[in-house]
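Here's the structure, in structure tokens; my notes come after.
The values are calculated or read from the model by the stated rules, or taken from the named source; none is laboratory data. Just so it is clear, the model here is predicted, and its values are computed rather than measured. Every residue, glycine as well, gets a Cβ built from its backbone with ideal geometry; the counts of neighbours run over all protein chains shown. These accessible areas exclude ligands, DNA and RNA; they are computed on the full protein's heavy atoms, side chains included. Shrake-Rupley method; radii C 1.70, N 1.55, O 1.52, S 1.80 Å.
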Amino acid sequence: MPCRARFGNCMAEQERQRLFFALWPDEGVRRQLAGYFALLEGCGGRLVAVENLHITLAFLGSVDGGTRQCLEQAADKIVTPPFTLQLDQLGFWRRPQVVWLGAEDTPAPLHALAAAMKRAMVSCDLEPDERPFQAHMTLMRKARRPPIRTSVDTLSWHIEDFALVLSDTRSGGVHYEVLRRWPLISA
Ligand code: ATP
Ligand code: MG
């Protein structure tokens, strides 16, 4: 679509993308994740679409092309080994009204990966979230009540890469697109 002057600085705006780094499940893991939905029937919220389930490593916000390039170059340099995440807990955050699936133990490589993401953001002049990283997969939004069970059957998810994901929230309902993936590698 041509850029019209009345939209002001529209070239720059058009180039901005809402991005985040994430752990992105494959189809097999997604099928297993959907099995947890049955435990949330009394929570009163809206389930996340199965194809949208993910764990956010770092929310990057709306970034321009130069910043995206900087972040991709920083991601090229991240050296973290593959690891297995044992998803075994349901949790509820009252204020954001989300029910999530998480892990009692966060593996050291996952902490390292999240820390590397924060450093990547700083190196690209972005402000990372100040809160400590808490690995969680949002299963339900606008939840009104916590799930009855908190301890659940373990899903062992072997993670061998991370992804840069585009979030498109304009077209009614969120749509995510994986833009690029990086393999996890041992030093
Ligand atoms: P919607 O905002 O339309 O409900 P969404 O939250 O799934 O959809 P985004 O807001 O683009 O989509 O967020 C993408 C991912 O980044 C989600 O996992 C979201 O929880 C996380 N996220 C969004 N905003 C922040 C933030 N300010 N800090 C940390 N994580 C965030
Ligand atoms: Mg959001």
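Which of the residues that make up the range 129-186 are within 25 Å of ASP76 (Cα to Cα), among the β-branched types (Val, Ile, Thr) and either at pLDDT 95 or above or in contact with an Asp or Glu (Cβ under 9 Å, 6 or more places away or on another chain) (or both)? Of everything in the range 129-186, those that are within 25 Å of ASP76 (Cα to Cα), among the β-branched types (Val, Ile, Thr) and either at pLDDT 95 or above or in contact with an Asp or Glu (Cβ under 9 Å, 6 or more places away or on another chain) (or both) turn out to be ILE159, VAL165, VAL178.
Quick one: would you say PHE83 is buried (at least 17 other Cβ atoms within 10 Å of the Cβ), over 26 Å from ARG141 (Cα atoms) and of a type in the set (A, V, I, L, M, F, W, C)?
Working: buried (at least 17 other Cβ atoms within 10 Å of the Cβ): yes; over 26 Å from ARG141 (Cα atoms): yes; of a type in the set (A, V, I, L, M, F, W, C): yes.
When the stated conditions are applied, PHE83 passes them.
Residues that are within 16 Å of ligand 1 (Cβ to nearest atom), in a loop (DSSP other than H, G, I, E, B), open to solvent by 10 Å² or more (accessible area, probe 1.4 Å) and in contact (Cβ under 8 Å) with a residue 24 or more places away in the chain: does the range 153-167 have at least one? Checked the range 153-167: no residue is within 16 Å of ligand 1 (Cβ to nearest atom), in a loop (DSSP other than H, G, I, E, B), open to solvent by 10 Å² or more (accessible area, probe 1.4 Å) and in contact (Cβ under 8 Å) with a residue 24 or more places away in the chain. Checking each residue in the range 48-69 for being hydrophobic (A, V, I, L, M, F, W, C) and in contact with a strand residue (DSSP E or B) (Cβ under 9 Å, 6 or more places away or on another chain) picks out VAL48, LEU53, ILE55, LEU57, ALA58, PHE59, LEU60, VAL63.
Residues ARG95, ARG68: which one is over 21 Å from GLU160 (Cα atoms) and outside any helix (DSSP H, G or I)? Step through it out loud before you land on a result.
Values: ARG68 fails: outside any helix (DSSP H, G or I).
Exactly one of ARG95, ARG68 is over 21 Å from GLU160 (Cα atoms) and outside any helix (DSSP H, G or I), namely ARG95.
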